[in-house]
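Below is one structure; the comments refer to it alone.
Read the figures in this text as sums done on the coordinates, not as results from a lab. In this text, all values refer to a predicted model and were calculated from it rather than measured experimentally. Neighbour counts run over all protein chains shown; Cβ positions are idealised from the backbone, glycine included.
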Amino acid sequence: MLYRAHLLNPCSPTRLEEIPDALMEVNAAGCITAVGAFEELAPRLGNQPMEDLRPLWILPGMVDLHVHLPQHEAVAMDGLELLPWLETFIFPAEARFADTSVARASAARFFQGLLYRGTTTASIYATVHAEATDAAFHEADRCGIRAILGKVMMDQHSPAALQESTAESLAQSEALCQTWHGRSQGRLQYAFTPRFAPTCSSELMRGAGLMAEKYGAYIQTHLSENLAELAWVKALFPEAANYTDVYQRMHMLGPRTLLAHGIHLDAGERQVIRESGATIVHCPRSNAFLQSGIMPLRRYLGEGLSVGLGTDVGAGPSLSMWAEAAAVCTTSKLRWAERQNLAHHLRAMGGLEASQRAEIMAQLDLNPLTPVDPVQAFHLATLGGARALGLDSRIGSLEVGKDADFVVVDPRMVDPAVDRPAEPPERVLSRMLYREHPGMVRATYVRGARCFAAT
Ligand code: GUN
Ligand code: ZN
């Protein structure tokens with residue numbers, strides 16, 4: 001099958017590739033077999049069925065590295081920080097998934113929601129319920145999305161309706177992994193999912209780490225999101241040097257580990273994470289919503305940490321990775337501006353010793369803090385996420401040899417001007433992120449199969 005459209009690829013954190021009149025050939029297995037300028041490729045490939053999508057654009061599908069399926073219907077519950085928010089809104093919503101028919105219907109809507117927003121790959125938390133998780137896998141299989149999914153594990157400090165025994169949690173997780181990991185030619189994968197240190201015993205976390213290694217599966221959890229959470233972890237695990245060290249001791253850190261949030265990490269923790277190859281999943285809208293803070297993204301990227309992006313629905317308000325990428329830029333700019341402003345006030349302030357002033361200025365860490373721009377945010381949402389999953393040879397950009405995971409987008413839907421003359425792709429991309437509109441995504445393909453089409 002051939003697709004003719006305006007093509008946009010993330011090449012690197014600083015560079016886009018644009019082919020205004022592109023042709024992409026996809027074989028029966030859903031693999032990209034040719035991609036390039038129409039006039040160059042058409043003479044060689046011309047006599048096959050072709051979908052002429054012009055003036056629409058094609059881009060690689062979005063990669064959401066952190067999202068909670070059962071929280072989709074509990075979004076935007078405002079007013080609380082992490083721990084009381086979990087108790088008040090989230091745990092009751094997750095408890096409803098004890099009823100597998102609720103879980104199945106909810107999963108169908110959730111996956112449709114992801115595809116509708118142009119997400120082709122997602123790393124997903126289900127609930128503690130094995131049947132609900134199994135139902136979610138069936139729905140993911142049926143709708144065609146690429147999913148990394150896991151049953152949440154929690155065996156302590158949890159509400160009675162969600163708390164499991166350690167043995168039951170490990171056994172059910174292993175059974176689900178054996179059933180689903182690698183299914184549908186690798187489109188479905190398993191992630192062991194110990195929720196976060198406070199709700200997991202050491203035995204549970206150690207077991208999850210061992211099993212992830214045994215099966216070559218992923219492991220996903222939350223790390224260092226909120227100051228009250230940090231204090232709780234410190235009280236529960238006094239033998240650990242810090243929050244990261246809890247996971248390190250349980251053998252949970254490796255290249256297939258996804259750590260959501262990671263806002264409050266000291267230099268030693270960052271070094272441990274970098275050396276392990278684990279990924280920090282940046283969730284800027286969630287971090288704002290729960291008043292957790294602004295993760296120092298620029299600093300982490302500068303230090304060579306692996307970073308991806310996640311919507312973290314339901315603390316994040318929607319499944320849109322376009323809006324999440326825009327929030328990467330917005331929060332990065334706010335962090336930058338606030339630090340510049342603080343430095344400005346500090347310079348004008350009397351009564352400080354020079355050494356104190358220098359110390360505070362050093363803490364503000366002004367030098368590398370130029371804000372992240374849409375090109376870099378788009379890279380994080382696509383190829384960067386794919387790389388974090390170790391899947392960048394398969395997905396993340398539209399290149400020969402990769403799977404045809406792509407979205408068809410109409411940039412006119414987000415442009416208040418009509419008949420705008422051609423302009424640099426960075427500008428079009430910037431509008432797609434900042435002005436994202438659900439109707440902008442016209443179709444979503446995974447491995448060459450159309451999983452969503454706007455009517
Ligand atoms: N930490 C532990 N569980 C959760 C969750 O469901 N959402 C967020 N944002 N943080 C968590
Ligand atoms: Zn989360």
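Using Cβ counts within 10 Å as a stand-in for footprinting exposure, how do 153, 1, 349 rank, fewest first?
The order, fewest Cβ neighbours first, is 349, 1, 153.
Please check which bits of region 336-377 a label hung off residue 15 would reach, taking the label as a point 7 Å along Cα-to-C-beta and the cut-off as backbone N under 18 Å.
373-377
Can you say what percent of the DSSP beta bridges in the chain, counting only those with both residues inside, are antiparallel? Round to 5.
Among the beta bridges of the chain, antiparallel pairing accounts for roughly 45 percent.
Normalised by the number of residues in region 332-395, what is the relative contact order in percent for Cα pairs under 8 Å and 6+ residues apart?
Here the relative contact order equals 39 percent.
Using R₀ = 35 Å, calculate the FRET efficiency as 1/(1 + (r/R₀)^6) where r is the Cβ-Cβ separation of residue 141 and residue 303; round to 0.05.
So, using R0 = 35 Å, E works out to roughly 0.35.
Under 1.5 on a/c is rounded, so check that first for the chain, then, if it is not, pick prolate when a/b is larger than b/c and oblate when it is not; a ≥ b ≥ c are the square roots of the alpha carbon gyration tensor eigenvalues.
oblate
Which one of 9, 251, 186 is farthest out on the positive end of the charge dipole of the chain, using unit charges on Cβ (Lys, Arg +1; Asp, Glu -1) and the Cα centre as origin?
9
Counting only residues 5 or more places away or on other chains, whose amide H sits under 5 Å from the amide H of residue 158 once H atoms are built in the peptide plane?
HN-HN under 5 Å from residue 158: empty list.
I need the peptides 37-49, 373-385 ranked by packing, meaning the mean over residues of other C-beta atoms within 10 angstrom, with the highest value on top.
373-385, 37-49
If the chain between residue 359 and residue 175 were fully stretched, how many nm would it gain, using 0.36 nm times the residue separation less the Cα-Cα distance?
Length difference between fully extended and current span is 60.9 nm.
Enumerate the calculated ³J(HN,Hα) couplings along region 237-254 in order (Karplus 6.51 cos²θ - 1.76 cosθ + 1.60, θ = phi - 60°), each rounded to whole Hz, writing x wherever the residue is Gly or Pro.
My calculation for region 237-254 gives 10, x, 6, 7, 5, 6, 4, 4, 5, 4, 6, 4, 5, 8, 6, 9, 9, x Hz in order.
Among 386-392, 310-316, how do they line up by average Cβ neighbours within 10 Å per residue, starting with the highest?
By packing density, highest mean first, the sequence is 310-316, 386-392.
Run the simple label-point estimate for residue 168 and residue 52 please: 7 Å along Cα→C-beta, distance reported in nm.
6.1
Treat the count of other C-beta atoms within 10 Å as a stand-in for reagent exposure and order 7, 83 from fewest to most.
Ascending Cβ contact count within 10 Å gives the list 83, 7.
Under DSSP H, which helices of the chain have Cα atoms covering 27 Å or more of the helix axis and a Kyte-Doolittle average no less than -0.5?
Those that pass (Cα extent of 27 Å or more, hydropathy at least -0.5) are 321-348.
How do 423-432, 121-130, 290-299, 229-238 rank on mean C-beta neighbours within 10 Å, highest first?
Taking the mean over residues of other Cβ atoms within 10 Å, the ranking is 121-130, 290-299, 423-432, 229-238.
If you take the square roots of the eigenvalues of the alpha-carbon gyration tensor of region 58-182 and sort them as a ≥ b ≥ c, do you get rounded (a/c under 1.5), prolate (a/b over b/c) or oblate?
Taking the square roots of the gyration eigenvalues as a ≥ b ≥ c, region 58-182 is oblate.
Measure off 7 Å from each Cα along the Cα-to-Cβ vector at residue 274 and residue 334, then give the distance between these two points in nanometres to one decimal.
Result for the modelled spin labels: 2.7 nm.
Report the charge-dipole magnitude of the chain in Debye, nearest 20, computed about the Cα centre from +1 at each Lys and Arg Cβ and -1 at each Asp and Glu Cβ.
540
Is the shape of region 162-223 best called rounded, prolate or oblate, per the rule: a/c under 1.5 gives rounded, else a/b larger than b/c gives prolate, else oblate, with a ≥ b ≥ c the square roots of the Cα gyration tensor eigenvalues?
prolate
Using Cα centres only, tell me the gap between region 416-455 and region 256-278 in whole Å.
33
When only C-alpha pairs under 8 Å and at least 6 residues apart count, what is the relative contact order of the chain, in percent?
About 20 percent, as a whole number.
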